[in-house]
Amino acid sequence: MEAGAEAEPLLPSRRWRAGRGLWRERGGARSAAEDGAGADNDLYINQAIVFIEDAIQYRSINHRVDSKSLWLYRWYYSRTCQWILSLTITVILTLAFVEEPSSLTITSDVRYRLPAWNPPCGLTESMELLCFLVFVVDVSVKSYLIGWKEFWKNKWLMAYILTLIVSLTDWIVSLSFFCKESVRIRRILRPFFLLQNSSMMKKTLKSINSTLPEMASVLLLLAVHLSLFTMFAMLLFARTKDNQQDKEWVVYFRNLPDSLTSLLVLLTTANNPDVMIPAYSKNRAYSIFFILFTVLGNLFLMNLLTAIIYNQFRGYLLEPSHSGCRYSFKKSVQSSLFRRRLGIRAAFEVLSSLKETPASAQQSCVSVGALLQVLQKAEMDSRCKQAIMRSLKMCSCDQLSAAQFQKLFEELDKDAIKQHPPSPEYQSHFMQKMQFAFGHPYFGYLGNVVALANIISICVVLVVDADKQPSERDDFFLGAINCFFILYYLLEMLLKILAMGLKRYLSYPSNRFDGLLTVILLILEIATFAVYGFPHPGWRPEFMGLLSLWDMVRLVNMLIVFRFLRIIPNMKFMALVVTTLLDLVKNLRAFAGILVVVFYAFAITGIMLFKGAVVPLGNTSAANTTHDNGTLQCGSYEQLEYWPNNFDDFAAAVVTLWDVMVVNNWQVFLDAFSRYSSPWAKIYFVAWWLISSVIWVNLFVALLLENFIHKWDRRCQRESLSDIEYQRTVELMFRMGEEVLGMRGTTAEGGKNKGKKREVMHVLGLL
């Protein structure tokens with residue numbers, strides 16, 4: 001069976017093909033339907049097109065494949081339809097900024113905020129209803145295409161329908177109360193629409209969920225650590241008869257909730273060394289307690305949590321090393337790989353059922369002409385399509401076997417490095433010397449030196465004029481410097497275009513960045529001269545146009561400083577760091593989406609809990625004001641003037657949650673909202689700290705480490721590159737890592753993977 005699997009990879013059974021109308025006996029008599037018109041051939045072609053597109057997008061082929069369903073399926077996954085769905089999700093999420101309580105004010109400070117404009121009842125609700133109708137169409141089409149049996153197996157679709165039912169019910173209740181109700185459940189459910197529309201977010205969420213047991217063990221150990229030290233602290237800093245010696249007890253350890261809060265904040269080092277100072281002033285030996293708590297909790301346990309998350313997601317971007325590695329993300333990658341290979345094989349099977357295929361063939365095969373017909377209609381990357389067509393033209397055979405068919409579509413697993421156009425060939429000896437001089441890397445280095453000199457000159461002028469009033473400032477020197485350097489940048493750009501040619505020049509991202517900023521700087525400089533004239537001593541003209549002269553000069557200088565980033569590609573280590581960050585941004589869309597979901601849900605919950613809780617105290621000094629909830633001290637919410645941080649509208653809530661996630665002075669929010677609302681408010685902020693700062697930030701750090709190590713290893717082990725080099729994608733890495741994972745069953749882990757492989761193939765009907 002293993003040999004057969006190698007010769008005919010992923011060969012579907014006759015029962016699978018017969019169930020989809022894809023099977024006919026070789027060498028037997030054709031059925032009446034096959035002897036009819038060429039409608040069957042058109043159906044097979046359309047089925048193959050859809051299966052190829054499913055393979056490209058890693059979609060399941062387990063859906064309806066009749067002619068009407070295929071049209072509906074391609075329409076649903078068309079760019080226009082998916083764009084409408086994405087726009088609908090964006091609209092329903094952004095409604096939180098407009099609907100009551102509206103964020104349409106200049107400031108969120110409760111002392112200065114003017115009454116916000118709130119839309120009339122029915123305006124945002126009408127837009128919401130339109131979004132719900134789009135979602136109803138979306139879930140209806142999805143449910144129809146996968147069939148009734150598969151629908152009951154799909155938990156995400158069932159949750160989708162349940163969310164729509166609850167949201168529509170809440171929408172009706174809202175209108176019946178004329179939009180005056182304080183709690184709207186459907187707002188918290190809105191992020192689900194974003195979550196269910198992204199398969200990568202679902203896989204990431206599933207991987208995070210599988211990490212929870214390991215994280216829970218560390219969090220439990222962290223809770224034990226916090227509880228034990230809280231007991232020790234309450235015993236060490238118990239109340240005595242001397243009030244002067246009880247400052248530690250009064251401020252930080254008066255009772256169990258205050259003690260837990262003080263040490264929890266110390267775990268994030270936000271109140272260090274404040275929490276230690278009263279006891280440390282009394283006896284230096286007390287510092288041992290706080291140092292020991294911080295070392296065990298912050299340095300060991302918190303970093304252990306980062307290590308666990310890193311171990312789980314190692315392999316999300318990293319290819320297997322020579323020594324082997326553990327693929328923590330392997331299940332999702334394995335599923336995606338099988339979906340792609342299955343879609344390609346299904347396309348082969350339907351094409352092998354065409355009438356033009358020889359009936360006497362001993363083995364299934366596909367004609368090259370039929371495949372070319374499919375490729376012309378399929379939506380796929382032009383590079384892959386051209387590469388497959390080139391391979392077909394180079395092939396001398398008219399029929400393709402299953403192995404040949406599968407090998408052709410391995411182009412989908414390759415990502416070509418862009419090939420730069422050639423430089424122009426000049427006949428003149430003088431032009432050849434010019435091309436050599438201005439196309440040499442040293443000319444680029446000279447440009448970097450000039451850019452550095454420009455930055456230094458701007459810094460000198462800014463330092464000299466830092467304390468001068470605008471009326472005393474002379475912009476002649478800075479204007480003349482800018483004019484000189486901008487002319488040099490223009491000359492440099494033109495000479496590079498002359499040496500490299502326009503197409504080759506624009507093929508480099510660094511040149512596009514450099515050239516775009518040079519053109520913008522030139523336009524701004526021309527506009528400045530047109531409005532205010534040429535620079536001269538005492539150049540301080542009156543305000544004219546949209547911007548003053550100083551504003552124009554500042555804008556030019558900011559762009560010049562930004563242009564200095566051109567040095568990054570010339571510095572290898574800096575370029576490595578920057579490419580790591582850029583690649584991380586590309587690969588973190590799913591994680592960023594999950595963060596948006598969590599931010600949205602917590603912001604809406606915070607508005608429900610704390611809207612209007614923070615009330616300004618007037619113009620009196622907050623440091624010595626007595627409030628009903630207690631005496632406000634130095635370092636409190638009021639004394640620090642944190643009034644803009646509140647939950648009175650959605651935008652303010654998002655910023656407040658961000659400030660808490662950073663954990664700098666987050667104890668101020670714990671104290672303030674527990675006073676203004678309820679002591680139980682601490683649970684909300686601690687839950688947000690756990691999800692955002694502990695889990696998500698550690699996840700981000702882990703992926704940043706993995707991406708950097710991956711880039712560094714590839715840089716150290718890079719082999720000689722050809723003009724067109726292909727890089728391995730995650731799916732191709734997985735194939736290379738099958739032996740590392742032991743999928744042949746050579747180890748206990750391999751036995752599990754082999755069983756999983758059989759299970760997946762059985763579910764797909766491939767055994």
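The values are calculated or read from the model by the stated rules, or taken from the named source; none is laboratory data. Worth saying up front: this structure is predicted, and the values here are computed from it rather than measured. Glycine also receives a Cβ, built like all others from the backbone with ideal geometry; neighbour counts cover every protein chain displayed. Please note that ligands, DNA and RNA were not included when accessible areas were found on the heavy atoms of the full protein model with its side chains. Shrake-Rupley method; radii C 1.70, N 1.55, O 1.52, S 1.80 Å.
Overview of values
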quantity: Ser423/Leu491 FRET efficiency (R0 25 Å; Cβ-Cβ; nearest 0.05); calculated: 0.85
quantity: Most to least accessible of Val183, Val275 (protein chains only, probe 1.4 Å); calculated: Val183, Val275
quantity: Theoretical gain in end-to-end length, Gln639 to Leu219 [0.36 nm per residue, Cα-Cα removed]; calculated: 147.8 nm
quantity: Largest-first ordering by accessible area, 1.4 Å probe, given options Trp689, Trp696, Trp75, Trp117; calculated: Trp117, Trp75, Trp696, Trp689
quantity: If the convex hull is drawn through the Cα atoms of segment 191-251, its volume per residue in Å³; calculated: 111 Å³
quantity: Entries in Lys68/Lys202; Lys153/Lys203; Lys142/Lys385; Lys611/Lys682 that, when Cα-Cα distance is taken, lie over 22 Å; calculated: Lys68/Lys202; Lys142/Lys385
quantity: For segment 39-126, the spread of Cα positions along each principal axis, largest first, Å; calculated: 72, 26, 18
quantity: Measure of compaction for segment 140-286 (Cα Rg per 2.2 N^0.38 Å); calculated: 1.76
quantity: Cα pair distances in segment 112-185, grouped into 10 Å bins until the bin that holds the longest one, percent each; calculated: 16, 38, 25, 15, 5, 1
quantity: Most to least accessible of Ile288, Ile56 (protein chains only, probe 1.4 Å); calculated: Ile288, Ile56
